[in-house]
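Q: Below you'll find the structure I mean.
Read-outs throughout are calculated quantities, based only on the coordinates presented, and are distinct from any laboratory measurement. What you see is a predicted model, and the numbers here were worked out from it, not measured in a lab. Backbone-built Cβ (ideal geometry, glycine too); neighbour counts: all protein chains shown.
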């Protein structure tokens, strides 16, 4: 049995205009699969990477990595889920930009009743990213001072709050006075407006010349050298995004000359590839949000059919916090 539903598809890579709102056929879930009716879909910079071809996928293709909704049907061999369950996910392959989706149950988790669908869609990818960055890639400890780029963005606002809850002092870079105010309201102790300040010099001033043990950098090309210059000896640059463009090949001498620095390029999907890791990551995320230590700020919403405008706002850095698309 198949039915028609609406979804965003791309026939070619390019600007926001390549995204098309089209009819698609939705079938029954196969072995290990479920069919989910989306109530809210998340917007993330990784969606831009797939749309522009920085990250490659077969075309024609779909976009979107996270959503929240209700299970409509369960395929053979699926344990732990039933029709009517509230669920959320951040999972591969792309395809969340749709009203209804058949997908592998292995990447989906139950959404606590105390969290709305909008919160679920806004927090899965960004929240799990903050979890692995702060808790696994470089485990932040109380008393440390750390640097988070794009502190007023989706991951940034979650990471600032979470790091503060862990007892860290947070330095954050932002692009405007308004974003600085928002970051400070979410636990950022020191804000640096990178458009008019040299952030690595300011980091040195704030830390008494020492630098920080870790920099979380989702900006990429524009901040790479400054991030290295912000680190203390033996510090780690965690490069987890390319909002300003991909990095040039890494010069190992640049790491050595600044004090035996570490560089890593992690991805969320490596950290949640095993079901037990996905469940642990989600449990930590849900716990910290339900405790009130981390609040999920949904600062923009768009109709899913208007996703092109949402992408333009994201790329022009007109968004703060999380953005949700409503089917």
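Q: Roughly speaking, what is the centre-to-centre gap between the range 1-70 and the range 246-274 when only Cα atoms are used, to the nearest Å?
A: 30
Q: Let me ask something else about it. Between helix 154-165 and the chain, what is the angle of the helix's C-alpha long axis to the longest principal axis, kept within 0 to 90° and rounded to the nearest 10?
A: 60
Q: Tell me the label only: which of [x] 19.8, 66; [y] 18.5, 59; [z] 22.2, 71 is Rg and Dmax of the Cα atoms in Å as calculated from this structure?
A: [x]
Q: Report the full-extension gain for the segment residue 11 to residue 250: residue separation times 0.36 nm, less the Cα-Cα distance, to one decimal in nm.
A: Extra length from residue 11 to residue 250 when fully extended: 82.7 nm.
Q: Counting other C-beta atoms within 10 Å, which of 21, 162 has the fewest, and how do the rest follow?
A: Ascending Cβ contact count within 10 Å gives the list 21, 162.
Q: Same structure again: If you take the square roots of the eigenvalues of the alpha-carbon gyration tensor of the range 136-283 and sort them as a ≥ b ≥ c, do you get rounded (a/c under 1.5), prolate (a/b over b/c) or oblate?
A: Taking the square roots of the gyration eigenvalues as a ≥ b ≥ c, the range 136-283 is rounded.
Q: On to the next question. If one takes the longest principal axis of the Cα atoms in the chain, at what angle in degrees, from 0 to 90 and to the nearest 10, does the Cα axis of helix 117-132 lie?
A: Orientation of helix 117-132: about 40 degrees from the principal axis.
Q: I've got another one for you. Helix 275-290 against the longest principal axis of the chain: what's the angle in degrees, Cα atoms only, rounded to the nearest 10?
A: On a 0 to 90 degree scale, this one is about 70.
Q: Now, a different point. Evaluate the relative contact order of the chain (contact order divided by residue number), counting alpha-carbon pairs under 8 angstrom at least 6 apart; express in whole percent.
A: 17
Q: Follow-up question, since we're still on this one. Using the 10 angstrom Cβ neighbour count as an exposure proxy, how do 103, 123 rank, fewest first?
A: Neighbour counts put them in this order, fewest first: 103, 123.
Q: Could you line up 49, 216 from fewest to most neighbouring Cβ atoms inside 10 Å?
A: So the ranking, lowest neighbour count to highest, is 49, 216.
Q: Given the options 180, 246, 159, which has the most mean-square fluctuation in a GNM of the chain, springs set between C-alpha atoms less than 10 angstrom apart?
A: 246
Q: Tell me, in nm to one decimal, what length is gained between residue 264 and residue 142 on full extension, where the rule is 0.36 nm per residue of separation less the Cα-Cα distance?
A: 41.7 nm is the gain from fully extending residue 264 to residue 142.
Q: Run the numbers for residue 317 and residue 113: contour at 0.36 nm per residue of separation, minus the present Cα-Cα distance, in nm.
A: Answer, rounded to one decimal: 70.2 nm.
Q: Only Cα pairs within less than 10 Å get springs; with that Gaussian network setup on the chain, which residue of 23, 251, 47 has the largest fluctuation?
A: Most flexible of the set in this elastic network: 251.
Q: Hey, another quick one. Report, for the chain, the % of DSSP beta bridges that are antiparallel, rounded to 5.
A: Within the chain, antiparallel bridges account for around 55 percent of the total.
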